[in-house]
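Derivation of every value follows stated rules applied to the coordinates shown; laboratory data play no part. Small disclaimer: the values here were computed from a predicted structure and weren't measured. Cβ atoms come from the backbone with ideal geometry, glycine included; neighbour counts cover every protein chain shown.
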Amino acid sequence: MTTPPPPPPRSRSARPGGYAAPGSPGGAPARFGSPAASVPGAGSGSQRGGRPRSLGGRGAGGGRDVASPVPLLIGAVAVALSAVIVIVTALNGRASSVWFLTLPIIEPGLWWLSVLGYLLTPLVVIVAFGLNRIWQRDGLRDRAFTPRPGYGLALKWMVGLSFLLALWHIVNLATVVSDLWVNP
């Protein structure tokens, strides 16, 4: 009596909970030597919804996908603009007693500078930090993606600095609002 031959192997995609390689025809995994396997990065060029990777803020163009410096630039520009607003308001302010300090507080007609500074720091910097984190996590789905953890660290420091700058804008706004409250 002879034993029957073993059953032919099934593909992973045919198994329950199996995996189908992206870009492989019919859900079957791409095999070595197949057209989908021979093209570098085949099937990994789009995100959910069919959107190309280059629209996510990462570089496209023949090379590897690298984390985008756009959130870092947004955060740096927001901190720089807010610092300029702090300097302008400090140089053009009037001496006012705040707690136990005498600070140069803006004129009541320039309250919009402090509102703009408060929107830039910390709000815009926090949004830039969130964008960086989302884009880098999303990029990790692609094997060709190169993360840049230094961008996140730099943005963390910018968020801390932005809270210090925001304190100046909050004190200016609070002083202007209290002046308008007391002297209508």
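Could you work out the local net charge near G150, counting Lys and Arg as +1, Asp and Glu as -1, over the other residues with Cβ closer than 14 Å to its Cβ? Mind showing how you got there, number by number?
Values: positive: R133, R148, K156; negative: none.
Every neighbour counted, the sum reads +3.
Scan around T146 for amide H atoms under 5 Å from its own, H built in the peptide plane at 1.01 Å from N, and keep only partners 5 or more places away or cross-chain.
D65, V66, A67
Wrap a convex hull around the Cα atoms of the stretch 67-184, take a quarter of its surface area, and give that in square nanometres. Mind dumping the intermediate values first?
On the way: hull surface 31.9 nm².
That works out to 8.0 nm².
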